[in-house]
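Quick one: the structure is below, and I'll ask about it shortly.
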Amino acid sequence: MNQIEKIIDIATWNRREHYEHFSAFDDPFFGVTVQVDCTRTYQEAKAKGISFSLLVLHRITTAAAAVEEFRYRIEGDKVVCYDSLLPEATAGLNKGGTFHPNAIHYSAVPWLSFTDMKHPTNMRSGDSVPKISTGKYFRNGERLMMPVSVTCHYGLMDGYHVAQFIEKLHL
């Protein structure tokens with residue numbers, strides 16, 4: 001668990017041109033924010049007496065892990081795919097003071113129902129970890145909606161893969 005599942009052969013990879021093109025950018029990350037219906041997850045958490053926030057985090061991690069491209073990482077001159085993901089926040093730094101490479105960087109901003117989010121990246125370190133944030137949920141008629149922001153390295157994935165993640169999210 002939490003091991004490299006495979007090394008991507010960049011020479012034959014169908015995203016090779018995207019990877020090479022966007023990896024040369026100062027900031028190769030793109031981001032989208034979508035409003036996700038979280039009514040069912042909120043009701044389930046209340047009915048079971050469990051944390052809504054932790055249930056959301058579990059579903060985010062599960063959905064991200066189900067889309068292979070969310071498990072891709074740039075490590076030196078290689079692109080690797082991990083077999084699983086861990087959610088991490090700043091408080092989740094490992095003993096060396098850094099994040100794990102098989103992580104998604106997650107943050108909750110429950111005080112603000114945002115329409116966009118800029119996630120920090122450190123390109124000098126070779127950062128390629130997806131960043132996902134959730135905001136304050138709000139009522140829209142009978143539904144509860146929550147902003148979900150996703151920022152990813154464009155060389156590793158694109159909007160299609162983010163749409164797959166949102167489809168699998170099942171909030």
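Being assigned to a strand (DSSP E or B) and surrounded by fewer than 17 Cβ atoms within 10 Å (Cβ to Cβ) is the filter; apply it to the stretch 73-86 and report the residue that is modelled with the lowest pLDDT.
Looking at residues that are assigned to a strand (DSSP E or B) and surrounded by fewer than 17 Cβ atoms within 10 Å (Cβ to Cβ), I get E75.
I need the full set of residues from the stretch 142-171 which are in a loop (DSSP other than H, G, I, E, B) and under 14 Å from R71 (Cα atoms), in order please.
Y154, G155, L156, M157, D158
Test F70 against the criterion of being farther than 26 Å from H18 by Cβ, among the aromatic types (F, W, Y) and either touching a Ser or Thr at 6+ places or on another chain (Cβ under 6 Å) or open to solvent by less than 60 Å² (accessible area, probe 1.4 Å) (or both), and give yes or no.
Here the answer is no, as F70 does not meet what is asked.
Mind checking which residues of the stretch 130-153 are under 16 Å from the mean Cα position of the chain (by Cα) and of a type outside the set (A, V, I, L, M, F, W, C)?
P130, K131, S133, T134, G135, P147, S149, T151, H153
Kindly provide the set of residues from the stretch 36-56 that are open to solvent by 40 Å² or more (accessible area, probe 1.4 Å), part of a helix (DSSP H, G or I) and more than 17 Å from E142 (Cα to Cα), ordered by number.
Within the stretch 36-56, A47, K48, S53, L54 meet the criteria.
Anything in the stretch 88-110 that is among the β-branched types (V, I, T), modelled with pLDDT of 90 or more and within 22 Å of R71 (Cβ to Cβ)? List them, or say none.
Selection gives I104 alone.
Could you list all residues from the stretch 57-72 that are part of a helix (DSSP H, G or I) and under 16 Å from S128 (Cα atoms)?
Once the filter is applied, which keeps residues that are part of a helix (DSSP H, G or I) and under 16 Å from S128 (Cα atoms), the stretch 57-72 yields A64, A65, E68, E69, F70, R71.
Now for a different question. Can you confirm whether the stretch 134-142 contains a residue that is touching a Gly at 6+ places or on another chain (Cβ under 8 Å) and open to solvent by less than 30 Å² (accessible area, probe 1.4 Å)?
no
Among the residues of the stretch 12-31, is any surrounded by fewer than 15 Cβ atoms within 10 Å (Cβ to Cβ) and in a strand (DSSP E or B)?
Scanning the stretch 12-31, I find no residue that is surrounded by fewer than 15 Cβ atoms within 10 Å (Cβ to Cβ) and in a strand (DSSP E or B), so the answer is no.
Just one of the numbered conditions (1) within 17 Å of T61 (Cβ to Cβ); (2) of a type in the set (G, A, S); (3) modelled with pLDDT of 90 or more; (4) open to solvent by 10 Å² or more (accessible area, probe 1.4 Å) is not true of S113; which one?
S113 satisfies all of (1) within 17 Å of T61 (Cβ to Cβ); (2) of a type in the set (G, A, S); (3) modelled with pLDDT of 90 or more; (4) open to solvent by 10 Å² or more (accessible area, probe 1.4 Å) except (1).
The values are calculated or read from the model by the stated rules, or taken from the named source; none is laboratory data. For clarity, every value in this text was computed on a predicted model and none was experimentally measured. Note: ideal-geometry Cβ built from the backbone for every residue, glycine included; neighbour counts use all protein chains shown. Only protein heavy atoms, including side chains, enter the accessible area calculation; ligands, DNA and RNA are left aside. Shrake-Rupley method; radii C 1.70, N 1.55, O 1.52, S 1.80 Å.
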